[in-house]
Amino acid sequence: MSSPLDPAVAQRLKRTPDGLVCAVAQQRGTGEVLMVAWMDDEALHRTLTTRRATYYSRSRQQLWVKGETSGHTQHVHEVRLDCDGDTILLTVDQVGAACHTGDRTCFDATVLLAEA
């Protein structure tokens with residue numbers, strides 16, 4: 001079954017061998033990086049048409065709408081494709097925690113290097 005994703009957009013995507021593109025969610029207004037996830041063509045199409053961040057879960061092998069079960073939603077304001085076509089940037093309004101651990105972002109827990 002083919003995705004209803006605009007063919008002009010689909011043609012620009014550089015996917016992994018399993019058909020996925022990296023997606024970075026960034027908080028609107030602050031630029032804070034919230035999380036990194038994966039999208040297939042259907043997830044991107046749904047995100048573009050509903051403005052609800054939709055991703056592809058590699059572990060569950062299925063689509064998931066951010067916050068559908070947790071209530072920690074992402075309303076999408078803007079979607080950009082990087083120059084190489086291998087990363088999608090979503091500018092969102094995050095409600096609640098972005099990380100499945102309950103942290104505000106997926107980058108809150110472990111700092112490998114900080115400014116001195």
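Taking 17 Å as the cut-off, the amide N atoms of the stretch 86-104 that come nearer than this to a point 7 Å along the Cα-to-beta-carbon line of CYS22 belong to 86-91. Among beta bridges identified by DSSP and lying wholly in the stretch 7-94, the antiparallel ones come to about 75 percent.
For the chain, the relative contact order comes to 24 percent (Cα pairs under 8 Å, sequence separation of at least 6). A simple spin-label model places the labels of VAL95 and LEU63 2.0 nm from each other, with each point 7 Å out along Cα-to-Cβ. Based on DSSP H segments of at least four residues, each scored -39500 (n - 2.57), the chain has a per-residue ellipticity at 222 nm of -3500 deg cm²/dmol. Using 0.36 nm per residue and subtracting the Cα-Cα separation, the extra length available between THR49 and VAL33 on full extension is 3.5 nm.
Give, in nm to one decimal, the length gained when the segment between ALA116 and ARG104 is fully stretched (0.36 nm per residue of separation minus the Cα-Cα distance). My answer for the length gained is 1.9 nm. At each listed q (0.13, 0.23, 0.25 Å⁻¹), what is the log10 of I(q)/I(0) that the Debye formula gives for the stretch 7-94 modelled as equal alpha-carbon point scatterers? Summing over Cα pairs of the stretch 7-94 leads to -0.37, -1.18, -1.38. How large is the dipole of the stretch 20-116 about the Cα centre if only Lys and Arg carry +1 and Asp and Glu carry -1, each at its Cβ, rounded to the nearest 20 debye? For this selection, approximately 340 debye. Selection among GLN62, MET35, VAL24 by position relative to the dipole of the chain gives GLN62 as farthest towards the positive end (Cβ unit charges, Cα centre). The Cys residues in the chain with no partner Cys Cβ within less than 4.7 Å of their Cβ are CYS22, CYS83.
Rule-based calculations on the coordinates, nothing more; no lab input. The shown structure was predicted, so the numbers you read here are calculated from the model rather than taken from an experiment. Here Cβ is always computed from backbone atoms with ideal geometry, including for glycine, and neighbour counts include all displayed protein chains.
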